[in-house]
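S.K.: After the structure tokens below, expect a handful of questions from me.
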Amino acid sequence: MRLRFAPSPTGTLHIGGARTALYNWLVARHSGGTLVLRIEDTDRERSTPENVEQILDALRWLELDWDEGPIMQTSAEARHRAVIGELLASGHAYRSNATGDDVKAFKALHGDERGFRGEDEGEGAVRLRVPDAGETVVHDLIRGDTTFAHTHLDDPVIARADGTPLYNLAVAIDDLDAGITHVVRGADHVSNTPKQLLVLQALGAPQPVYAHLPLLHGPDGKKLSKRHGAASVQELRDAGYLPAAVRNYIALLGWGDTDDETLISTEQLVQRFDVTRVSKNPAQFDEVKLRWMNGRYLRELSSEDLTATLEEYTGRSGLGPSVEISREKVQTLADFWPLAGFIHDGPADDPQAREQWLDDDGLAALAEVRVALAAVEPWAADGLEAALRGVVAVREVKPKAVFQPVRVAIAGTTISPGIWETLDVLGRDESLQRIDAAIAAG
RNA sequence: GCCGCCAUCGUCCAGGGGACUAGGACGCCGCCCUCUCACGGCGGAAACGGGGGUUCGAAUCCCCCUGGCGGUACCA
């Protein structure tokens, strides 16, 4: 079994493309097949080394490897031209100057459901001759058989007038040459498939097995785009998602096991994935669910691993203690710094929080806290909690009336990790200093 | 327009003639926990697009309609 993944070289690996890559990868790993990576484009302008490298980068981040490639499709143009010549010589194709308008005119004359048939003019674009009778049926692992009557098919253009190959010719030939046995790709290609099959048939070549994946849409049912938040794996990476969580989530977009489980390790995915069970319905990408899932994966990481991941993500070091007290509160890597950055960079500036909690009552409470804290020995969460609760008891107020002013004093905002854990991490000197500063500012 | 595909909670997935009072997950709502934000726990609302068939029986099979999507390029 040989599969291929052929992303377009636009420099962005869209989520749909990522899922296609994942599914190919899962099938290959599950069956011990070979996965070939091909950068698919007949347009040299777009296939820049930078763009290709970005695609590869995204694939590597997802931790999807390949067995052969990457191969640039554009490098095979000579072969494509040879095939075109062959098709022309055998009468399976012809040259014609017919334009899109000519095709429309033909249909107006012969009826809308009648496919375009051109004349051999000896020059112009190369069109494949579709047989007048019969039909081409696409056998699909996911969708079953789809029949296309030849009478409905237009003679497709397979090469430009200058002889450069077009997509439907190029993919067919490239897959053939690469010995691809299984083509797993997006459902937007089903209508193209009969054209590719006709090329193969004209060449007397064997056809691969197809599996067309349902399309992916954004939350509004429209095409997935930046407007929906992250739309590419590069954006997902920047947004602080874990590759394992992304793999898990994306695998479930269009596929579900007989079980009702939703948290499935990649190892399990490889073991259980069955392309024939892939859904035929288009799916919507829902970042909210991905966030939830990412949080679950984040919490499964050991503190050491989480710290290392977070240090790489933020570019900071010495994050261990603050990560430890924040891990229950973040869903993505990006959530960490806004929550706990104040521990390292000093209190945040949130005037509203100060105004609300550092009023006369708050300041009075803070002053008592300052005294109580100074006596704590040793400086550890347990003793810190006891001291703070002591102040609450003496002042006979709600805990919040004491804790929030302290929080605002040390964090600058009303949201932070647990208050005594934070004081613990901050240390005696820094904590008292921040409280003093808050009292002085008030 | 034409060709083709698809149709279960708001979303993702399960159920593929009787086990369905349609199941799970995210989200939402309520309660509990609670120093904020979260985590966690418990409970709840929430779907078979419509109409015809077939059948003793249809979410499940067939047809029509509707809706969505894709293709219809000298794009990929």
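S.K.: Over 19 Å from A:T413 (Cβ atoms) and either among the β-branched types (V, I, T) or in contact with a Phe, Trp or Tyr (Cβ under 9 Å, 6 or more places away or on another chain) (or both): is that true of A:G383 in this structure?
M.R.: Against the criterion (over 19 Å from A:T413 (Cβ atoms) and either among the β-branched types (V, I, T) or in contact with a Phe, Trp or Tyr (Cβ under 9 Å, 6 or more places away or on another chain) (or both)), A:G383 qualifies.
S.K.: Applying the selection to the stretch A:257-282, what residues are buried (at least 18 other Cβ atoms within 10 Å of the Cβ) and not β-branched (V, I, T)?
M.R.: The answer is A:L269, A:F273.
S.K.: Moving to a separate point now. Name the residues in the stretch A:383-419 that are of a type in the set (V, I, T), near RNA strand B (Cβ under 9 Å from one of its atoms) and part of a helix (DSSP H, G or I), would you?
M.R.: Across the stretch A:383-419, the qualifying residues are A:V392, A:V402, A:V406, A:I419.
S.K.: For the stretch A:73-84, indicate whether the set of residues that are modelled with pLDDT under 90, crowded, with 17+ Cβ neighbours inside 10 Å and not hydroxyl-bearing (S, T, Y) is non-empty.
M.R.: yes
S.K.: Still on this model: Which one of A:R129, A:R143, A:R160 is touching a residue at least 24 places away in the same chain (Cβ under 8 Å) and closer than 22 Å to A:L215 by Cβ?
M.R.: It is A:R143.
S.K.: Which helices (runs of 4 or more DSSP H) does the stretch A:236-307 wholly contain that include 3 or more residues that are among the polar types (S, T, N, Q)?
M.R.: Here the list reads A:266-272.
S.K.: Would you pick out the residues in the stretch A:291-325 that are crowded, with 20+ Cβ neighbours inside 10 Å and more than 8 Å from RNA strand B (Cβ to nearest atom)?
M.R.: Result: A:N294, A:Y297, A:L298, A:L306, A:T307, A:L310, A:L319, A:S322, A:V323, A:I325.
The values are calculated or read from the model by the stated rules, or taken from the named source; none is laboratory data. Note that the coordinates shown come from a computational prediction; the quantities given were computed from them, not determined experimentally. Positions of Cβ are generated from backbone atoms using ideal geometry, with glycine treated the same way; all protein chains shown enter the neighbour counts.
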